[in-house]
1. Using a simple spin-label model with points 7 Å from Cα along the Cα→Cβ vector, what separation in nm is obtained for A126 and K175?
2. In the Gaussian network model of the chain, springs joining C-alpha atoms below 10 Å, which of G81, G21, G119 carries the largest mean-square fluctuation?
3. So what's the angle, to the nearest 10 degrees on a 0 to 90 scale, between helix 58-69 and the longest Cα principal axis of the chain?
4. Choose one answer from A139, A129, A19: the residue with the largest mean-square fluctuation in a GNM of the chain with alpha-carbon springs under 10 Å.
5. Among D158, D112, which comes first, then next, by fewest other beta-carbon atoms within 10 Å?
6. Once the piece of chain linking S12 and D80 is laid out straight, how much longer is it, given 0.36 nm per residue of separation minus the C-alpha distance between them?
7. Over the chain, calculate the relative contact order: mean separation of alpha carbon pairs under 8 Å at least 6 apart, over the residue count, as a percent.
8. Taking neighbour Cβ counts within 10 Å as the exposure measure, how do D140, D125 sort from fewest upward?
Amino acid sequence: MKTRSGFVSNSSSSSFVVAFGDIPRSKEELQAMMFSPGETELPCGYYCENCGHSGYSVSDVVDAVWRDMQEPATDDDDIDGSGPLNEKQIGTVFASGHIDGTPELDYRNYPDIQEDPDGWRAHWDAECAKRDEYAHSSADEFTKANEGCSFFRFHYSDNDGAFWSQMEHGDIFRKLPHFQISHH
């Protein structure tokens, strides 16, 4: 589990693990997998209440996802690129952030860090191990439920502007089996 120290902003980012029954061979195939026929624009949403922007074109969203799909996944522990992912990489992505249902850390039972730093650390490590176990179990369930699929990872952040906020929060993978991992 990753921990954050120092300045923490209100921005977020998310990774998405998406299951493709068939890997699209073109942007047109990808668009057909992601969106309904005739759907050409996504409504302006998250962080856009009064931005004056009418929405984002489906083709721009598909272009961004297609570009990301062209980057092969590397290294099992620190994944760069999108995929296809192997099982270990999928588990690594799931364990890299927060997923729905993750056990919350229970600070009420922690020893005082000043009085018992080793006890505090042992408690922290045990809780992190529970969260990692849950993440890897969830990854296993997802891959089994989508057996025979190819899995890709996408990473988007609302800190990169309104378009990328829409990519993170706009439910762009709604027609495909996917899992969102939050990195708030």
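1. About 4.9 nm separates the two model spin labels.
2. Highest fluctuation among the options: G119.
3. 50
4. Of A139, A129, A19, the most mobile in the Gaussian network model is A129.
5. D112, D158
6. Net length gain for the segment: 22.6 nm.
7. 43
8. With the fewest neighbours first, D140, D125 line up as D125, D140.
Read the figures in this text as sums done on the coordinates, not as results from a lab. Everything numeric in this text was worked out from a predicted model, so none of it was measured. For neighbour counting, all protein chains shown are included, and Cβ atoms are generated from backbone atoms with ideal geometry for every residue, glycine included.
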